[in-house]
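**Student:** Before I ask anything, here is the structure I am working with.
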Amino acid sequence: MNQYKKGEIVTGCVTGIEKYGIFVSLDEYYSGLIHISEISDFFVKNPSDYVYVGETIKALVIDDSDLDSYHVKLSIKNIDYKFTKKKRKKIIETTSGFKTLQEALPGWIETKKEEILSTMKKN
């Protein structure tokens, strides 16, 4: 069982969203609550505007974990709590297709042959 300390950044999965905050599962024992006042410095109308159920987020532990209830008080205020995923760029198909490759390949092969022959002559 982990014991979470104040100031630690933890990773968890959002398990529920209520008007007053966000519930996060940290491990098989501990869960946490991000109270609505710990979501942003600005007015938060709806916590679901910030996260969704099933999302993995980072959170700051704002109080040592409670060993009796296995509960942790969390905050996402002033931290980058989202995991950034690299967006894949869509491959844009050109009208020439493989024609460009077909035209360039013979030149590449010749260049490599010359490089290999030159290396062989030196040895």
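Let's see how each residue does on (1) surrounded by 10 or more Cβ atoms within 10 Å (Cβ to Cβ); (2) out of contact with any Ser or Thr (no Cβ under 8 Å at 6 or more places or on another chain); (3) touching a residue at least 40 places away in the same chain (Cβ under 8 Å):
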residue: H71; (1), (2), (3): yes, no, yes
residue: I79; (1), (2), (3): yes, yes, yes
residue: F83; (1), (2), (3): yes, no, no
residue: K90; (1), (2), (3): no, yes, no
residue: E110; (1), (2), (3): yes, yes, no
residue: K122; (1), (2), (3): no, yes, no
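**Student:** Looking at I36 and the list (1) within 16 Å of Y4 (Cβ to Cβ); (2) hydrophobic (A, V, I, L, M, F, W, C); (3) open to solvent by less than 80 Å² (accessible area, probe 1.4 Å), which single condition is not satisfied?
**Tutor:** Going through the list (1) within 16 Å of Y4 (Cβ to Cβ); (2) hydrophobic (A, V, I, L, M, F, W, C); (3) open to solvent by less than 80 Å² (accessible area, probe 1.4 Å), I36 breaks only (1).
**Student:** Quick check on my filter: what residues within the stretch 30-56 are assigned to a strand (DSSP E or B) and either in contact with a His (Cβ under 8 Å, 6 or more places away or on another chain) or modelled with pLDDT under 95 (or both)? Please lay out each step first, then the result.
**Tutor:** Here is the first cut: in the stretch 30-56, the ones assigned to a strand (DSSP E or B) are 31-35, 56.
Residues satisfying the conditions are S31, G32, L33, T56.
**Student:** What single numbered condition from (1) within 15 Å of K6 (Cβ to Cβ); (2) without any contact (Cβ under 8 Å) to a residue 24 or more places away in the chain fails to hold for Y30?
**Tutor:** (2)
The values are calculated or read from the model by the stated rules, or taken from the named source; none is laboratory data. Note that the coordinates shown come from a computational prediction; the quantities given were computed from them, not determined experimentally. No Cβ is skipped: glycine too gets one built from the backbone with ideal geometry, and neighbour counts run over all protein chains shown. With ligands, DNA and RNA removed, areas are computed over all heavy atoms of the protein, side chains included. Shrake-Rupley method; radii C 1.70, N 1.55, O 1.52, S 1.80 Å.
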